[in-house]
Amino acid sequence: MDLSIVIVNYNVRYFLEQALLSVERAIVGLETEVWVVDNNSADASVEMVRERFPWVRVIANKHNPGFSIANNQAIRKATGKYVLLLNPDTVVEEDTFRRCYDFMEEHPDGGGLGVRMIDGRGRFLPESKRGLPTPWVAFTKAFGLARLFPKSKRFGHYHLRYLAENEIHEIEILSGAFMWMRRKALDEVGLLDEDYFMYGEDIDLSYRLLKGGYKNYYLPTTNIIHYKGESTKRGSLNYVRVFYQAMIIFARKHFAGADAGAMIGLMRLGIYLRAVLTVVANIWRALKFPLLDGVGIYLGLLLLKSLWSEYHFDDLNYFPEHINYLHFPAYTLLWTGSIFLGGGYDKPFDFGRLLRSLGIGTLLLFAVYGLLPEDLRPSRALLLLGAAWAATWTCLVRVGAHLLQHGHLRVASESDQRLLIIGSQEETERTLSLLQRAGVRRNYLGRIAPGTVAGGQVAETNHVGRTDQLEELASIYRADEIIFCSADLSMESIQRWMSRLGPTLEYRILPEASSSIIGSHRSDQRGTLYTINANLRIDEASNRRAKWLFDKGTSLLMIVLFPVLIWLVKNKGAFAGNCFRVLTGGRSWVGYALPDPKLDALPVLRPAVFSPATGTGVTDPATLHQVNFLYARDYSVGEDWRLLLHGIFKGD
């Protein structure tokens, strides 16, 4: 057996499917076995692998024992001359395995091998080659010196950025996302250390290979895509804690005396420092738009007050002082609150949603204003000018943010995102059908045919160009997003185009015979899926808030109307109790039907008073799961109203 490939999976079914499809292409010509170890996923990963890839050997754990233990389970059963540990959120090229095999055959001193990795936007990943985290290297990493001076040999050793990314090098540490190892070396130095749950095990094993007399190499003649962020959110406190705790385990195991103490101390200090920075960064990421909106709106109101006082009343002090600390903060809170409730902060560059939310907030503000006593109504004109300023300022903030983030001013809503599809006519039509069925709206620009103008399928005419013109076409059409149909393209060409076109575009891949279009564009977030199976509206933040408001609002309304409703409902005692349970957060008015054996695969909701199956008499678990899935996929507040009224007046 030439090669044993081990993939540990945990709830990334759609990425795993794409990884296995790329593996299937790359193993041609090699005697290979592929192992998938599933750590108790709830997304039907095991069923998918067994149905679609019957040649894959599956180990289905009943709990999550961690990355090291899961890998070792398969390694102990593997029979290959080489063992490859591969992440499920990767895509390999057609020649990746052959190139690695040939290189290791030519370098018998090699114990481990890593390759050049790019992320979901085509950017080189510096962790493709890493240095040993000695106390000094750990210090430069923990305190940001490695990031400030990446090309310095003194400060940039963690990612070895002073070594050219397109040249072969001896390195110290391999990445666990793609870790090719000689089985003979593994037998000598041992398998993964099972003290590591996640992170650090690749550093530990790489170092033991070096101590065992072997060399680790970096091979840039083949690439893989690594969709970072699928195993855990790298911007989370849990990631900081787990990563630095792994470094502490490494220091205790491999260093002694002052070196071990220094590194452990640095790692502990690093945990607190990075935790603080992570909290600050997460807070800023979550609140930057509300804060900028609020400060800008409030200061604008102060300026408008002065200008309107002097221009219209010829008296700079015309308005009372309390307007500054009573009215203007209230206006600001109501406008920013309306943006929040309308989903304007979930999709900050959706200007239609933003202006719609501000419009609703302004109407509500005028309604409240009209109910106030005369002495508390300073000026309708000032309120109207303030609304115009709020709209202007919030739009300017988003235009500036888009320019800083994307480098251009082509701000567009999701439906205006300009899309090119690269593939055959058949696969392009399948892509458009999947987008439509998944509820994804895009401004479709046209199809780019694989091949060249001079060669390829000349008879084709229903396309806007060919792949040898891709750079020019992406620029001419000002594309925002490209979808590659992998049934018609090699993974090597897809990765080459991603790297050449750069990170200003978003890239997704439609795997052959798959119902999912996959991409990932930030390391601190999970990847994005266009799939008929996974786009659940109940998972959207704006719909979560709408459901929360629905529960609280209807409960308060029913408590107020209780003297009337008590004569209409069947079970009066249960009705009264449920009003208070929903109001206090113990229940939701509408949710999933039970029993559902696959409920873990759906977003978590509170226990429900009513469900889509209420009053239907359906008890079959499989049918109830389908009912629950459709409820989550097609969720709307209107449907909750319908189910609530049906349950109260016709149900039990």
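The values are calculated or read from the model by the stated rules, or taken from the named source; none is laboratory data. Here the structure is a predicted model, which means the values were calculated and not measured. Using ideal geometry, Cβ is built from the backbone for each residue, glycine included, and neighbour counts are taken over all protein chains shown.
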Name the pairs: first residue in the stretch 574-598 and surrounded by fewer than 18 Cβ atoms within 10 Å (Cβ to Cβ), second residue of a type in the set (Ser, Thr, Tyr) and at pLDDT below 90, Cβ to Cβ under 6 Å, at least 6 apart or on different chains? 583/555
Out of (1) over 24 Å from residue 483 (Cβ atoms); (2) at pLDDT 95 or above; (3) β-branched (Val, Ile, Thr), the one residue 69 does not meet is (2)
For the stretch 599-652, enumerate the residues that are surrounded by fewer than 19 Cβ atoms within 10 Å (Cβ to Cβ), polar (S, T, N, Q) and part of a helix (DSSP H, G or I). 623, 626
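Among 147, 183, which is of a type outside the set (Gly, Ala, Ser), surrounded by fewer than 21 Cβ atoms within 10 Å (Cβ to Cβ) and in the same structural domain as residue 87 (by TED's automatic domain parsing)? Reasoning before the result, please.
Numbers: 147 fails: in the same structural domain as residue 87 (by TED's automatic domain parsing).
After ruling out the rest, the residue left standing is 183.
Confirm whether residue 94 is out of contact with any strand residue (DSSP E or B) (no Cβ under 8 Å at 6 or more places or on another chain) and closer than 22 Å to residue 496 by Cβ.
Details: out of contact with any strand residue (DSSP E or B) (no Cβ under 8 Å at 6 or more places or on another chain): yes; closer than 22 Å to residue 496 by Cβ: yes.
So residue 94 passes the test.
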Filter result for the condition that a residue is assigned to a helix (DSSP H, G or I), at pLDDT below 95 and over 23 Å from residue 507 (Cβ atoms), over 105, 47: 47
Out of all the residues in the stretch 617-641, which are under 13 Å from residue 597 (Cβ atoms) and under 23 Å from the mean Cα position of the chain (by Cα)? 629
Over the stretch 103-143, the set of residues among the aliphatic types (A, V, I, L, M) and within 27 Å of residue 183 (Cα to Cα) is 104, 113, 115, 117, 118, 125, 132
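Return a yes/no flag: does the stretch 570-589 have any residue that is closer than 25 Å to residue 345 by Cα and within 25 Å of the chain's Cα centre (by Cα). Give the derivation first.
First pass over the stretch 570-589, keeping only residues closer than 25 Å to residue 345 by Cα: 585, 588.
With within 25 Å of the chain's Cα centre (by Cα) added as a condition, the list becomes none.
No.
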Looking at residue 593 and the list (1) assigned to a helix (DSSP H, G or I); (2) in contact with a Pro (Cβ under 8 Å, 6 or more places away or on another chain), which single condition is not satisfied? (1)
Could you tell me how many of the residues in the stretch 507-543 are modelled with pLDDT under 90, out of contact with any helix residue (DSSP H, G or I) (no Cβ under 9 Å at 6 or more places or on another chain) and either outside any loop (DSSP other than H, G, I, E, B) or under 17 Å from residue 91 (Cα atoms) (or both)? 7
Residue check, residue 153 against (1) over 30 Å from the mean Cα position of the chain (by Cα); (2) assigned by TED's automatic domain parsing to the domain that holds residue 89; (3) assigned to a loop (DSSP other than H, G, I, E, B), all met but one. Which one? (2)
